[in-house]
Amino acid sequence: MTTSTPADIPRWLRFATEPGASDAAETLSLARAIRRAATISGEPRQAAVLVLFGGSADGDPSGPGGLPADADVLLTQRASTMRQHRGQVAFPGGAVDDDDSGPIATALREASEETGLDPAGVEPIVVLPKLFVPPSRFDVSPVVAYWRAPSEVRVVDQSETERVVRVPLAELLDPANRFLVRGPLGYRSPAFQVDGLLVWGLTGGILAGLFGSSGWEPEWDRDDVRDLETSLAAVGMTL
């Protein structure tokens, strides 16, 4: 499967294909490439995640960047029993299989396995630059897509996933729900607190980068920096 042409993409999502739209993603990619060089030797493992946006195709001319009121994004919460990234909020996705034809195939396959979604209703838009995740030593390719024909989603395997949720973009974009978190080693990450979840790390960084280039986001307090462990504890999570 290939990515869609701009004419096929809802107007409110076309920012993802415009020149310069991935600047924030490129910056995040560079920062993580530097971390990779400092923490790993040899080839990292390959993975892909599905950054899946849903919402009315026509958009809302009165909304910022044409964003429709029903716009949302699909997120999962990893099981608290997982060895790595336990309890963290993430996009559906995972490691590349030998039979996968590329990152789009990986992202769709993994999302179907994790959430039960029907890949036939998903329209890939663009594959963003790879991002390195030090704990798992994965190079992750984010696949931005539009959910043209949404299907039912659910937790397929409770040993891997605790929640599957469609989070309204209005809640993620609400300045009251946005801040930065600072980890024990000083690492800062964009963060969102919604629906009893703390979205941060790779997932928070990808969302923040896309929001920054979309024309959707109102001003929010970038000086609001909170302790990561305290923020996780506030939603019943731990590192």
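The values are calculated or read from the model by the stated rules, or taken from the named source; none is laboratory data. Remember, it's a predicted structure, so these values are computed and weren't measured experimentally. Because the Cβ atoms are built from the backbone with ideal geometry, glycine has one as well, and the counts that use them run over all protein chains shown. Heads up: the accessible areas ignore ligands, DNA and RNA and are worked out on the full protein's heavy atoms, side chains in. Shrake-Rupley method; radii C 1.70, N 1.55, O 1.52, S 1.80 Å.
Annotations
- Put simply, the amide H of V49, placed in the peptide plane, has neighbours under 5 Å in S141, V143, leaving out anything fewer than 5 places away on its chain.
- 1.4 Å probe accessible area per residue over the stretch 54-117, in Å²: 44 Å²
- Each part reduced to its alpha carbon centroid, the stretch 140-196 and the stretch 51-83 end up 9 Å apart.
- Under the Karplus curve 6.51 cos²θ - 1.76 cosθ + 1.60, θ = phi - 60°, whole-Hz ³J(HN,Hα) for the stretch 106-113, x wherever Gly or Pro sits: 5, 4, 5, 4, 5, 5, 5, 5
- Mean Cβ neighbour count within 10 Å, used as a protection proxy, ranking 183-189, 120-126, 89-95 highest first: 89-95, 120-126, 183-189
- Long-range HN-HN contacts of A79 with modeled amide H, under 5 Å: G87, T161, E162
- In this structure, the amide hydrogen of R226, modeled 1.01 Å from its nitrogen in the peptide plane, lies closer than 5 angstrom to those of L180, V181, R182, counting only residues at least 5 positions away or on a different chain.
- Each residue of the stretch 221-231 was assigned a 3J(HN,Hα) from its phi angle through the Karplus expression (A = 6.51, B = -1.76, C = 1.60, θ = phi - 60°), giving 7, 6, 8, 7, 10, 10, 5, 4, 5, 5, 5 Hz with x at Gly and Pro.
- Overall form of the stretch 144-239 per C-alpha gyration tensor (a/c, 1.5; a/b vs b/c): oblate
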